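> Dumping the structure here so I can ask a few things about it.
Derivation of every value follows stated rules applied to the coordinates shown; laboratory data play no part. Fair warning: this is a prediction, and the values are worked out from it, not measured in the lab. Neighbour counts are summed over all protein chains in view; Cβ atoms, including those assigned to glycine, are modelled from backbone coordinates with ideal geometry.
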């Protein structure tokens, strides 16, 4: 018997933090304008010593103003999507659940677009208006997962195949509405590929990072309080109840918090797919499926995966870029098929 | 001081009660309907029974007689239409899921796993209701889980994967998880369903020994006439949502009654253990 200890959890997280650091360094170094490691080290040294006047203009222009914010965004979005995917997998008892596959990301995209359309018509303060898009995304995500949940239920049980099929149908229905809206309305909306595929190139205000970071910590923290319950929920709702899990409460907390995570991520980066599918599977394979370690390690893993994928998206066809969602889909879709076939056999 | 002695008196009272009736099912009935406007599809008529610590109660009957429904009513998972179920004086249905799991363990027909788990991980799940939500397993939890595995003779299965052991071994590990809950009441829904005869007897021998040693009250749903006769202290005979008789096997096992309930010709004789033995007479 080797029950989980705080030490082991700490060790696993430390390893991933280290990997994340290496990936961040790579992401800072590579891009349309490469930066040498020596210059990076020198600039970091100046920042640490507080000698901001000595910083090279490259650093201020490229690294501080462009690459680091984008990396930070990748960390938060990747962690959010990964934790949301892990949660949906436990909640729906389906290892193939993922915000994108289930159509939840599309729901959040549509919610964001509707909020952006409504915003000019509402006379509210700019501070409130900036909350409108994430709120719309959250509501869109929540409504979609509720719809998928009810579509996937047959005779009181969640049917795996019906659930996935429901997600696919809802997803294509919602993306059709998005295309319709984008083609008929113009204005202050980001491009179609942003909402359907997702990317991390949109610059945000400084306050938005705080908002995202705190939102992530609150929602992921709420899910983490149910980590031990989620372990039991994997054996079925009835069995979890007999083992002492307050099933309706756990379901509500995870449902709301995971929708919030998806909504936050999508409102700033569009619908990036498969991060919530690949990362939890890889982490389970390495560290096991105990949610007390799975949730924090999947969050770190999601951050690593998305920052890395975004670095690829920025560099493979430099100086132009591809959507990071295209990169994650290129890797994720074949893996999805593999997992589906293994599950069916 | 008066508060202390009142507390001691209260404890003594609780102990005395525990030695008498632990489980009391009082006129419990239930109706299931898919649509509230329609007549119920299934009803369970008012049923009563009582059980003491260390006793094994078998709920016996053919398919669709209401055995599992009665078990779910006892577990508190279903709300009765009328009547109540008391465990040491508390209504089981009104306990929180956590408190309920500390007192009642339920062994289902089968346990599905989404991701692979080792036997010890599975057994430690039984400690869930005794831990605070995020706390890691204590040394006590590990000790109790190890002990539970040893009690069902499955200590050597501890590190095996759940999806790589036989049906009988799996059933023992599931039972060990229920023991790790340290319950007062152990409920089992057809635990011998997928087991061969040796595994069936092994499991029921273990149950009888555990009920005696740990003073569990055991309620087991089965349609195995001879296993119920051999192992139960009390039998609850059910047919089409009605409880026909409650009593020791000797008083329930009458040929006409069983033939009528199970709709098949059979003979009842006294076995060497002093308990009734049923032979199904096929083709006569």
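> Considering only DSSP beta bridges whose two residues both sit in region B:177-249, what percent are antiparallel, to the nearest 5?
Of those bridges, close to 50 percent are antiparallel.
> Calculate the mean, over all residues of peptide A:37-47, of how many other protein chain Cβ atoms lie within 10 angstrom of the residue's Cβ.
If you average over the peptide's residues, the count of other-chain Cβ atoms is 0.
> Using Cβ contacts closer than 10 Å as the measure, can you line up A:323, A:109 from fewest to most?
Going from sparsest to densest Cβ surroundings: A:323, A:109.
> Let me ask you something else. As a check on your grasp of the helix formula, calculate [θ] at 222 nm for chain B: sum -39500 (n - 2.57) over DSSP H runs of n ≥ 4, divide by the residue count, round to the nearest 500.
Roughly -11000 deg cm²/dmol at 222 nm, from the helical runs in chain B.
> Kindly state, as a whole number, the per residue volume in cubic angstrom of the convex hull around the alpha carbon atoms of region A:77-344.
129
> Can you pull the mean other chain C-beta count within 10 Å for peptide A:240-252?
Shielding by partners across A:240-252 averages 6.
> Still on this structure: Any idea what the relative contact order of chain B is, in percent, if you count C-alpha pairs under 8 Å spaced at least 6 apart?
23
> Binning at 5 angstrom from zero up to the longest distance, how are the C-alpha pair distances of chain B distributed in percent?
1, 5, 11, 15, 17, 16, 14, 10, 7, 3, 1, 0, 0, 0, 0
> Compute the long axis of helix A:160-184 from its Cα atoms, compare it with the longest principal axis of the Cα atoms of chain A, and write down the angle in degrees, 0 to 90, nearest 10.
50
> A follow-up question, please. What whole-number distance in Å separates the alpha-carbon centres of region A:233-259 and region B:197-263?
Going from one Cα centre to the other spans 34 Å.
> For a footprinting-style exposure proxy, rank B:162, A:197 by other Cβ within 10 Å, fewest first.
B:162, A:197
> Per-residue mean of other chain beta-carbon atoms within 10 angstrom of the beta-carbon, peptide A:1-9?
Across the residues of A:1-9, the mean count of other-chain Cβ atoms within 10 Å is 5.
> Using just the helices of chain A, give the 222 nm mean residue ellipticity in deg cm²/dmol: DSSP H runs with n ≥ 4 each add -39,500 (n - 2.57), and the total is spread over all residues, rounded to 500.
My calculation for chain A gives -24000 deg cm²/dmol from helical runs alone.
> Per the Kirkwood formula on distinct C-alpha pairs, the Rh of region B:161-253 is how many angstrom?
Value: 14.2 Å, from the Cα pair sum.
> I've got another one for you. Please arrange B:142, A:324, B:268 by how many other C-beta atoms lie within 10 Å of their C-beta, fewest to most.
In order of increasing Cβ crowding within 10 Å: B:142, B:268, A:324.
> Shifting gears a bit: I need the fraction of alpha carbon pairs in the protein assembly as shown separated by more than 30 Å, rounded to a whole percent.
For the protein assembly as shown, the fraction of Cα-Cα distances above 30 Å is 62 percent.
> Round to a whole angstrom and tell me the spacing of the C-alpha centers of region B:125-151 and region A:1-76.
41
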